[in-house]
1. Output the residue which, of all residues in the range 9-38 that are in contact with a Pro (Cβ under 8 Å, 6 or more places away or on another chain) and touching a residue at least 60 places away in the same chain (Cβ under 8 Å), is surrounded by the fewest Cβ atoms within 10 Å (Cβ to Cβ).
2. Taking the condition at pLDDT 90 or above, surrounded by fewer than 19 Cβ atoms within 10 Å (Cβ to Cβ) and not hydroxyl-bearing (S, T, Y), does V90 pass?
3. Mind telling me which of the residues Y97, Y61 ends up being in contact with a Leu (Cβ under 8 Å, 6 or more places away or on another chain), assigned to a helix (DSSP H, G or I) and of a type outside the set (A, V, I, L, M)?
4. Being of a type outside the set (S, T, N, Q) and without any contact (Cβ under 8 Å) to a residue 24 or more places away in the chain narrows it down to one residue among L70, L44; which is it?
5. Going by what's in this entry, would L44 be described as surrounded by 12 or more Cβ atoms within 10 Å (Cβ to Cβ) and at pLDDT below 80?
6. If a residue has to be closer than 18 Å to P85 by Cβ and not in a helix (DSSP H, G or I) to count, how many in the range 33-58 make the cut?
7. Condition (residue is surrounded by 19 or more Cβ atoms within 10 Å (Cβ to Cβ), of a type in the set (V, I, T), touching a Cys at 6+ places or on another chain (Cβ under 8 Å) and assigned to a helix (DSSP H, G or I)) applied to the range 67-86: is it met by at least one residue?
Amino acid sequence: MISGPRSRSGVPLDEQSALPTAPGVPWWGAVLLAGGLTVLGAVLALAGDETSLGFGFRALYVIGCIAAVLAVRRRALFTAVTQPPLILFVVAVVTLYFLVSDSDSGVKRL
């Protein structure tokens with residue numbers, strides 16, 4: 001069985017991550033990595049006394065998205081590049097809904 005061209009590291013080219021000697025994670029691993037760190041930042045924002053998404057949320061979101069792009073396989077790079085706006089929209093909307101749930105303004109009022 002032919003597995004495709006190999007680089008000097010022995011890892012097939014389409015399965016390499018940003019580090020050529022290490023195999024990359026599949027597309028769903030990139031989604032879990034970026035989504036998991038973003039959700040962790042959202043939970044930290046909900047646990048604090050903040051009324052908005054703070055620096056911790058933004059930092060974990062950026063770190064998670066960059067880590068996902070660096071860790072993913074080359075053939076799944078499209079998923080890692082297109083997921084950040086989707087993750088930000090879903091997690092931010094849900095988190096902000098819970099942050100302003102005590103007030104009578106916004107989506108809850110409707």
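The values are calculated or read from the model by the stated rules, or taken from the named source; none is laboratory data. Not measured: the values here are computed from a predicted model. Because the Cβ atoms are built from the backbone with ideal geometry, glycine has one as well, and the counts that use them run over all protein chains shown.
1. The qualifying residue surrounded by the fewest Cβ atoms within 10 Å (Cβ to Cβ) is L13.
2. Judged against the criteria, V90 is a match.
3. On the way: Y97 fails: in contact with a Leu (Cβ under 8 Å, 6 or more places away or on another chain).
Within the list Y97, Y61, the selection yields Y61.
4. On the way: L70 fails: without any contact (Cβ under 8 Å) to a residue 24 or more places away in the chain.
Only one candidate passes the filter, namely L44.
5. Considered against the rule, which asks whether it is surrounded by 12 or more Cβ atoms within 10 Å (Cβ to Cβ) and at pLDDT below 80, L44 comes out as no.
6. Filtering the range 33-58 for residues closer than 18 Å to P85 by Cβ gives 33-39, 41-42, 53, 57-58.
Filter once more, so that each one left must be not in a helix (DSSP H, G or I): 53.
Qualifying residue count, the range 33-58: 1.
7. No, that holds for no residue.
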